[in-house]
Amino acid sequence: MFWRLQALLAKIETVYGTDSVPTGAANAILASDVKIMPMEGQDVTRDFERPYLGAKPTIPAGLYAKLSFKVEVKGSGVAGTPPAIAVLLRACAMAETIVAVTSVTYNPVSTAHESATIYFNSDGTNYVLKGARGTFVYRMTAQGVVMLEFEFTGLFTQPAAVAMPTPTYGTQLSQLPQVATSANTPTFTVGGVSLPLRSFVLDAGNEVTPRLLVRSESIIIPSRSEKIDAVVEGVALATYNPFSLAAAMTSQAISLIHGTGAGKICTLAVAAAQVQRPTGLDEQDGVVEWPLKFIPLPTTGNDQFTIAFT
């Protein structure tokens, strides 16, 4: 069995926990760094007494599966058409809003969370996660490919021998990712101030919990706690003063626009990000850099951040 022979498929479920039967032709996900933990849970010891020494047998219980992987951040290539990774965002407690021929926008929601069925086929062994929900990290580093890092938890299903599907990746392969450069990432502002950016990380912070009761088994997202970490080039305090902003517990808007060309632009917007205490200074190439931290806060609710593809 060769590790490189693998296929990842994902499709939103109509009924929670009921296999939505993703196919290679319609639901393939182009992913990297895939890791599968197919049989998480506990081992319950049969704690009986015997008139001799020896190990005691166990019973597997509370079983579920976990799957993590990375995908490139890029649109579908057609404005108003959801990207292939839309199913992944929707299964991470994000709502989808489509404006025809214009945009597809995702924002966090607190109720009615969708779920997905995910297949991971490793050289003929098929791992199925039903009722899968997850969390993600948006990660950008200067001169690197912008990535979304997902981690999903799903209900346990016994792996089965299934022929490798033939995945159709379409524009996931043909549309090249745009490296984070000044030309490809035209906007990064905090409180309206443009800052030179080395790295940016948004952690969606979903708490993903297996809730395994008798006659009711599900994966739920009971809470979330988003956070942002950014490393920027230090500037004069008259231009931007994170220390005074943190002391005043000030919230500011953050805008990060990556990509150029219709259908290829991803805009991450935070309306109210509380500036947290800077914890030190960094140095790169003899230049001062600031590690900054922010907390995206809701204003009217379910609007901590948005990810829009245009």
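Give the shape of the range 116-214 as rounded, prolate or oblate, defined through the alpha-carbon gyration tensor: a ≥ b ≥ c are the square roots of its eigenvalues, a/c under 1.5 means rounded, and otherwise the shape is prolate if a/b is larger than b/c and oblate if not. The partial results should precede the final answer.
Details: a/c = 4.13, a/b = 1.68, b/c = 2.46.
Since a/c reaches 1.5 but b/c is at least a/b, the shape of the range 116-214 is classed as oblate.
With each label point set 7 Å from Cα along the Cα-Cβ vector, what nm distance links VAL99 and ALA236?
That separation, rounded to one decimal, is 3.8 nm.
With the Cα gyration tensor of the range 84-170 giving a ≥ b ≥ c as the square roots of its eigenvalues, does the rule (a/c under 1.5 for rounded; else a/b larger than b/c for prolate; else oblate) give rounded, prolate or oblate?
Verdict is prolate for the range 84-170.
In debye to the nearest 20, how big a dipole does the range 33-182 give about its Cα centre with +1 on each Lys and Arg Cβ and -1 on each Asp and Glu Cβ?
Roughly 40 debye for the range 33-182.
Say a site is exposed when it is one of the chymotrypsin sites (Phe, Trp or Tyr not before Pro), sits in a DSSP loop, and has at most 11 other Cβ atoms within 10 Å; what is then the longest site-free stretch of the chain? If you can, show how the numbers build up before the last one.
Numbers: sites that count: PHE2, TRP3, PHE48, TYR52.
Counting only loop sites that pass the neighbour cut-off, the longest clear stretch is 53-310.
Give the calculated FRET efficiency between LEU281 and SER244 to the nearest 0.05, with a Förster radius of 22 Å applied to their Cβ-Cβ distance.
Efficiency computed from Cβ-Cβ geometry: 0.85.
Consider just the alpha-carbon atoms of the range 204-265 and return their Rg together with their Dmax, both in angstrom.
19.9, 61
Quick one: of LYS11/LYS66; LYS130/LYS293; LYS11/LYS293; LYS66/LYS264; LYS11/LYS264; LYS56/LYS130, which pairs are farther than 27 Å apart, Cα to Cα? Intermediate results must be reported in sequence, preceding the final value.
On the way: LYS11/LYS66 16 Å; LYS130/LYS293 35 Å; LYS11/LYS293 34 Å; LYS66/LYS264 30 Å; LYS11/LYS264 23 Å; LYS56/LYS130 32 Å.
Those over the limit are LYS130/LYS293; LYS11/LYS293; LYS66/LYS264; LYS56/LYS130.
Check which residues have an amide H placed less than 5 Å from THR185's amide H, if you skip close sequence neighbours.
GLY259
With a 10 Å radius around each residue's Cβ, average the other Cβ atoms per peptide and rank 157-164, 93-100, 263-270, highest first.
263-270, 93-100, 157-164
Taking N as the number of residues in the range 26-108, what is its Cα Rg relative to 2.2 N^0.38 Å?
Working: Rg = 22.2 Å, N = 83, 2.2 N^0.38 = 11.8 Å.
The range 26-108 yields a ratio of 1.88.
List the relative contact order of the chain as a percent without decimals, with contacts defined as Cα pairs under 8 Å and 6+ residues apart.
After rounding, I find 19 percent.
Can you pull the percent of the range 105-236's accessible area that's carbon plus sulfur, 1.4 Å probe, other chains left in place?
The C+S portion of the solvent-accessible surface of the range 105-236 is 52 percent.
Straight-line reach from LYS70: which aspartates and glutamates have a Cα under 12 Å away, not including same-chain ones fewer than 8 places off?
Partners within reach: ASP33, GLU149, GLU151.
Can you work out D for the chain in µm² s⁻¹ from Stokes-Einstein, where Rh is the Kirkwood radius over C-alpha pairs, the temperature is 37 °C and the viscosity is 0.692 mPa s?
155 µm²/s
Taking square-rooted eigenvalues a ≥ b ≥ c of the alpha carbon gyration tensor, is the range 167-244 rounded, prolate or oblate, where a/c under 1.5 means rounded and, failing that, a/b exceeding b/c means prolate?
Working: a/c = 4.91, a/b = 1.48, b/c = 3.31.
Since a/c reaches 1.5 but b/c is at least a/b, the shape of the range 167-244 is classed as oblate.
For the range 131-238, which trypsin sites (Lys or Arg not before Pro) are both in a DSSP coil and crowded by at most 16 other Cβ atoms within 10 Å?
Values: sites: ARG133, ARG139, ARG198, ARG211, ARG215, ARG224, LYS227; in loops: ARG215.
Hits after loop and neighbour filter: ARG215.
As a test of the formula, what do you get for the chain when each DSSP H run with n ≥ 4 contributes -39,500 (n - 2.57) and the sum is divided by the residue count, at 222 nm and rounded to the nearest 500 deg cm²/dmol?
-1000 deg cm²/dmol
Let me have the relative contact order for the range 1-109, percent, based on Cα pairs under 8 Å that are six or more residues apart.
RCO, the range 1-109: 21 percent.
Would you mind checking the range 61-96 for residues with the amide N under 12 Å from a putative spin-label position 7 Å along Cα→C-beta of SER174?
Within reach of a label on SER174, which here means backbone N under 12 Å from a point 7 Å along Cα→Cβ, the range 61-96 contributes 77-78.
Over the residues of the range 163-310, compute the C-alpha Rg and express it relative to 2.2 N^0.38 Å.
1.30
The values are calculated or read from the model by the stated rules, or taken from the named source; none is laboratory data. Given the structure is predicted, the values throughout are model-derived calculations rather than measurements. Here the Cβ is made from the backbone with ideal geometry for all residues, glycine too, and neighbour counts use every protein chain on show. Only protein heavy atoms, including side chains, enter the accessible area calculation; ligands, DNA and RNA are left aside. Shrake-Rupley method; radii C 1.70, N 1.55, O 1.52, S 1.80 Å.
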